[in-house]
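Have a look at the structure below before the remarks.
The values are calculated or read from the model by the stated rules, or taken from the named source; none is laboratory data. Model, not experiment: these values are computed from the prediction. Don't worry about glycine lacking a Cβ; one is built from the backbone with ideal geometry, like all the others, and counts go over all protein chains shown. Accessible surface is based on the protein model in full, side chains and every heavy atom, while ligands, DNA and RNA are left aside. Shrake-Rupley method; radii C 1.70, N 1.55, O 1.52, S 1.80 Å.
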Amino acid sequence: MALWATSCSSSEKLFLASSAATRRRMGSRRRDLVHVGMTDQAETETISIAYKEGDRERPKWADETPFSRLVEALISFKPFYSLLKLGARQVLISTAERNNIPWREMTKEILESDVYKELNTIQNTSLQYPDYYLSPFHAYDEGNLSWLAAAEAEVATMSMTRRAIPSAPSNEEATQEMRGNWVQAIKQHHMKHSGNVTIQNIVDIGCSVGVSTRFLADEFPSAKVTGLDLSPYFLSVAQYKEKKRPPRKNPIRWIHAAGENTGLPSKSFDLVSFSYVFHECPERAIIALVNEAFRLLRPGGTLAITDQAPKSKILQELSPALFTLMKSTEPFLNEYYLTDLEERLREAGFVNMKTLLTDPRHMTMTATVPHQHV
């Protein structure tokens, strides 16, 4: 593929920064970049960055090994789990504070705001939650169904971004690298495989508090964007924060629904996005989400999944302490790593699957609905 530099080893993938503007912001990191050249699209000069893959298909700690089973047994022991939960939370907070991310201040601002008024306009009170969604997530006993989880979601995302790209000169530049590479991978895939289908309608499934949704709306300003999530608390924060910014030509629509059964019309979207969703799901939910995405997309439409990268060298080399902490707050992490995601997409009917490391810890997988799909 023309976007890759053939001089790189097979254990490295080259990924795209978002624009010439990103290039200027990242100028201080030029020694880490491999310049591949310019595309023929206006304002889309691209830079490729080499992110190293590990030697395995997935981390050893995610395999069914005696050590992995020992870790699972330790996590299932409630007193030890409580300590792990606190430790995992502290890792994120410490990362935030070391990088001048005001965790406590941002959380307090949300919790002391009028965000609670949004709930009545968002919540679908008849929605039945899937059983897996009622599990504790991310050190919250109520999982994603709490105001504290919603208030901390964006600052936790910022902390996660800094852990993924610690060498970035600033928090803004780390975000631009992570999100910019993700969006650019989507654009390049769609340009190559859509048959000139314009992205006019986007749904961001599992949108959380709308960080990825707003990024998509900014990158595709002429598109109508929908953010869909199972948590009415997350959606309330998303809607509250969106109301604080200048009005868009096409306002974002927020929907409280299950991603496996959205209730949205078939063949009504050109892009379906999942950002950091699948690692929180058992395989049966992943399969259902993929099938629903296929139903929602028009022929030539693009599916984009960004999530933890099983082939990431960094994730494969995590210390036992860190991966035990991570697994303690992600109940379905092993299922995610053991799922053959490209095969699940193929079974659903997708074609042109492509997986790229878009930062040191995360991959973006893109795929297409066949043009002859009826």
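The table below lists the values:
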| item | result |
| --- | --- |
| Filter result (in contact with a Phe, Trp or Tyr (Cβ under 9 Å, 6 or more places away or on another chain) and surrounded by 22 or more Cβ atoms within 10 Å (Cβ to Cβ)) within the range 159-179 | Ser159, Arg179 |
| Search result, residues across the range 302-330 that are under 17 Å from the mean Cα position of the chain (by Cα) and at pLDDT below 90 | Met326, Thr329, Glu330 |
| Residues of the range 197-245 satisfying the condition of being among the acidic types (Asp, Glu) and touching a helix residue (DSSP H, G or I) at 6+ places or on another chain (Cβ under 8 Å) | Asp204, Glu219, Asp229, Glu242 |
| Residue count for the range 40-62, restricted to those that are over 16 Å from Leu356 (Cβ atoms), modelled with pLDDT under 75 and open to solvent by less than 70 Å² (accessible area, probe 1.4 Å) | 2 |
| Every residue from the range 230-259 that is charged (D, E, K, R) and either touching a Pro at 6+ places or on another chain (Cβ under 7 Å) or open to solvent by less than 10 Å² (accessible area, probe 1.4 Å) (or both) | Lys249 |
| Set Glu118, Glu105, Glu97, Glu154: member being within 21 Å of the chain's Cα centre (by Cα) and either crowded, with 23+ Cβ neighbours inside 10 Å or not in a loop (DSSP other than H, G, I, E, B) (or both) | Glu154 |
| Segments classed as helices (runs of 4 or more DSSP H), wholly inside the range 256-374, with at least 1 members that are out of contact with any helix residue (DSSP H, G or I) (no Cβ under 9 Å at 6 or more places or on another chain) and not aromatic (Phe, Trp, Tyr) | 283-296, 313-316, 341-348 |
